[in-house]
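The values are calculated or read from the model by the stated rules, or taken from the named source; none is laboratory data. Given the structure is predicted, the values throughout are model-derived calculations rather than measurements. Neighbour counts run over all protein chains shown; Cβ positions are idealised from the backbone, glycine included. SASA here: full protein model, heavy atoms, side chains in, ligands and nucleic acids out. Shrake-Rupley method; radii C 1.70, N 1.55, O 1.52, S 1.80 Å.
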Amino acid sequence: METPTDKRDPAPPSRKKPLEAQAPRLNPRGLLIWFVVFALMLVTYQLYLRDQETVPEYEYNPTFVQLVETHQVPECTINEEISGNQYITGTLKKLDPRTGKPQRFKVDVMVRDALPDWLKANGVKFGFKRQSPYFWQIVSGALPVLLLLGLLYFLFTRQMKAVGHGALSFGKSRAKMMARDKNKVTFKDIAGCEEAKEEVQEIIDFLKDPKKFQKLGGHIPKGVMLMGPPGTGKTLLAKAIAGEADVPFFSISGSDFVEMFVGVGASRVRDMFEQGKRSAPCIIFIDEIDAVGRSRFTGIGGGHDEREQTLNALLVEMDGFDTQEGVIIVAATNRPDVLDPALQRPGRFDRQVVIDLPTVDGREQIMKIHARGIVLDKAVELRRLARGTPGFSGADLANLMNEAALLAARGGKEAVDMSDLEEARDKVRWGRERRSRVLDEKEKRITAYHETGHALVTLLVEDSEPLHKITIIPRGTAYLGATMQLPEKDRYMEGKRKLKGILTMMMGGRAAEEIVFGDITSGASSDLKQATRLARLMVCDWGMSADLGPQTFGAHEELMFLGREVSRNQDFSEDTARKIDAEVSALLRESHARARQLLESHIEQIDMIAKLLLERETLDGRDAEDLLKFGRIRSEEERTLAAGVAAAEPSPVVSPPTAGSPASA
């Protein structure tokens with residue numbers, strides 16, 4: 001009878017014990033260092049005792065002779081050194097006034113045959129003491145040499161450790177084996193990337209029960225490439241793989257392969273795979289693989305490229321002549337566009353897992369994970385906060401929750417409320433409030449009308465995202481004020497009508513300045529820059545120009561050694577370039593004229609909202625909408641009642657307004 005496939009096969013007896021289970025070994029270098037330190041302490045102590053001990057020296061005749069004949073010397077010792085010097089040491093019956101003990105003395109003398117008989121006749125107990133010539137010769141000659149050699153060895157090993165982990169270990173891999181008892185990250189600690197977790201789960205299941213897949217002819221993928229923007233959780237997902245899979249897990253960074261010595265990177269790659277083969281099946285995680293996996297090219301000026309040799313060794317080990325099943329490479333990068341094509345072909349990195357920025361549901365789940373150790377108020381709506389954080393990565397959301405906890409603790413609150421979370425969200429996105437940047441009344445008034453222009457146009461144009469907040473408090477380094485929107489959902493494409501509305505909203509601040517003050521300022525520089533970029537994308541990349549038609553212009557070029565877009569290849573004529581500039585200018589002028597037209601028809605609402613904004617400095621989006629529609633701010637009861645009535649009535653079918661006509665308030 002066959003055994004069921006859901007049971008795990010017992011581990012082979014030849015598998016080595018994990019690193020954390022091996023008995024610790026003595027370090028001879030550490031023992032030598034401790035021996036040198038102990039010897040120095042002993043020599044220092046002996047010198048200290050020699051300096052502290054003061055023994056008076058007497059002359060043999062007449063002082064010592066008188067002391068012996070008057071019976072003041074009860075006992076003494078006749079000493080003979082290796083050099084031939086002889087002297088007598090002993091104690092007197094007289095006590096030392098400092099210590100209260102018998103006073104010691106020393107007498108230099110040449111020992112004669114009659115001296116012992118004379119001491120015995122005067123009742124003095126005596127003895128002989130001769131130094132061992134061999135022991136003291138060895139100690140006096142070897143101790144300074146040992147101290148010097150120990151010091152040189154210590155300095156040499158420290159220098160070699162700083163260069164490359166020892167004189168003979170330059171080519172050793174720096175991959176670290178992750179201990180099971182230290183890795184606490186599992187799939188429960190990851191949210192917002194469910195598809196990536198499912199793809200990685202197959203690899204874990206294969207490692208746990210390979211027969212389940214092999215009986216149908218499948219084989220395990222050799223490599224998995226985790227790709228995505230920074231902060232989306234690529235490294236965290238790799239740690240979760242180590243937490244879920246009961247196999248050895250080695251981790252290393254791409255920058256650890258390249259050193260100052262030629263050939264070290266390739267040697268470390270080979271040594272890393274040797275470690276993996278000895279522990280197979282296992283997982284090797286390479287973080288930031290683009291450090292060694294960039295496309296191979298000659299380079300400026302030619303010459304030898306150490307990174308190319310490292311990449312060649314990696315390619316050979318992953319799918320070369322010496323191929324072995326059971327070693328899975330998991331790599332992470334946020335620059336897949338610069339990787340070598342040979343690295344991404346099937347047989348090496350068979351599976352490429354894209355970890356994108358989280359959606360609304362993913363952001364809500366991520367915030368719930370990071371809120372486990374934070375005391376939240378019962379009125380906190382994480383769903384509403386997730387809607388207001390489009391484009392935030394998992395790292396940004398973790399920073400948001402931490403900043404909110406710090407703000408609440410700084411304010412002496414018992415729990416983190418919604419105001420702390422919104423302030424933390426604004427701080428992460430736009431920067432901290434800079435109340436120290438004091439604006440005079442004129443600049444403050446211009447900023448208030450500028451932001452009011454943005455807000456009113458946002459409320460008046462079609463297909464606009466809901467207005468969330470208006471503020472004139474400076475943030476970061478470039479914002480004197482901000483008009484914030486709260487998207488209802490994540491959007492992956494936009495229509496031409498909505499893009500024109502966004503352009504009109506961007507021009508609202510400049511149009512408000514012209515209408516109210518009859519002048520323009522430099523405060524709209526960021527708005528104009530974003531509007532120009534959006535208009536050029538509409539014309540050149542998205543084919544939204546009626547004059548030029550459905551066509552793209554200019555292919556993007558990237559230089560791999562810079563890793564960023566540096567130019568746009570002009571694959572069109574000069575006449576077409578002039579038409580593109582004219583279309584971009586027409587879009588911007590049309591948006592500016594429309595924003596001015598909308599604001600001129602609501603001049604009273606501009607003054608009303610701007611004055612209230614000057615008074616409060618921050619205005620809620622619902623308050624601005626009430627001032628536009630009703631001329632006053634409604635109470636919460638009125639808003640709740642109106643929302644209930646609107647939900648009960650069926651919405652009429654209204655044809656959308658044209659792109660050039662303003663929507664009514």
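Taking amide H atoms as placed 1.01 Å from N in the peptide plane, list the residues 5 or more away in sequence, or in a different chain, whose amide H sits under 5 Å from that of Cys76.
Residues meeting the amide H criterion: Lys125, Phe126, Gly127.
So what's the net charge close to Phe392: Lys and Arg +1, Asp and Glu -1, counting the other residues with Cβ under 10 Å from its Cβ?
Result for the neighbourhood of Phe392: +2.
Run the quick spin-label model on Ser601 and Leu537: label points 7 Å from Cα toward the beta carbon, then report their separation in nm to one decimal.
Calculated label separation equals 2.9 nm.
Kindly sort Arg491, Arg98, Arg335, Arg384 by accessible area of their heavy atoms, largest first, with the probe set to 1.4 Å.
Arg98, Arg491, Arg384, Arg335
Could you state the number of Å between the C-alpha centres of segment 228-246 and segment 593-610?
51
Treating cross-link reach as a plain straight distance, find the aspartates and glutamates whose alpha-carbon is under 13 Å from the alpha-carbon of Lys120, omitting any fewer than eight places away in the same chain.
Straight-line reach from Lys120, under 13 Å: Glu69, Glu75.
How much accessible area per residue does segment 401-507 have, in Å², with a 1.4 Å probe?
46
Work out the FRET efficiency for Val145 and Glu59 from their Cβ-Cβ distance, taking R0 = 45 Å, and round it to the nearest 0.05.
0.70
Enumerate the amide H contacts of Val354 below 5 Å, restricted to partners 5 or more residues apart or on another chain; note that Pro and chain-start residues carry no placed amide H.
The answer is Met227.
If the cut-off is 26 Å between C-alpha atoms, which lysines fall inside it for Lys611, apart from same-chain ones fewer than 8 positions away?
Lys427, Lys442, Lys444, Lys469, Lys629
Residues of segment 202-266: accessible area per residue at 1.4 Å, in Å²?
Spelled out: the 1.4 Å probe surface of segment 202-266, per residue, equals 41 Å².
Compute the distance in nm between two label points, each set 7 Å from the Cα along the Cα-to-Cβ direction, one at Lys413 and one at Glu195.
If labels sit at Lys413 and Glu195, their model points lie 3.6 nm apart.
Within a Cβ distance under 14 Å of Gln344, other residues only, what is the Lys/Arg minus Asp/Glu net charge?
Local net charge: +2.
Within segment 323-373, what whole-number % of the accessible surface is contributed by carbon and sulfur, with the 1.4 Å probe and all protein chains included in the calculation?
Answer for segment 323-373: carbon and sulfur cover 49 percent of the accessible area.
To the nearest 10 Å², what's Asp290's accessible area with a 1.4 Å probe?
Accessible area of Asp290: about 20 Å².
Could you give me the ³J(HN,Hα) list for segment 465-471, computed from phi with Karplus coefficients 6.51, -1.76, 1.60 and θ = phi - 60°, whole Hz, x at Gly and Pro?
6, x, 6, 9, 7, 10, 9
Between Leu95 and Tyr153, how high is the FRET efficiency from 1/(1 + (r/R0)^6) when r is the Cβ-Cβ distance and R₀ = 51 Å? Nearest 0.05.
Rounded to the nearest 0.05, the efficiency is 0.50.
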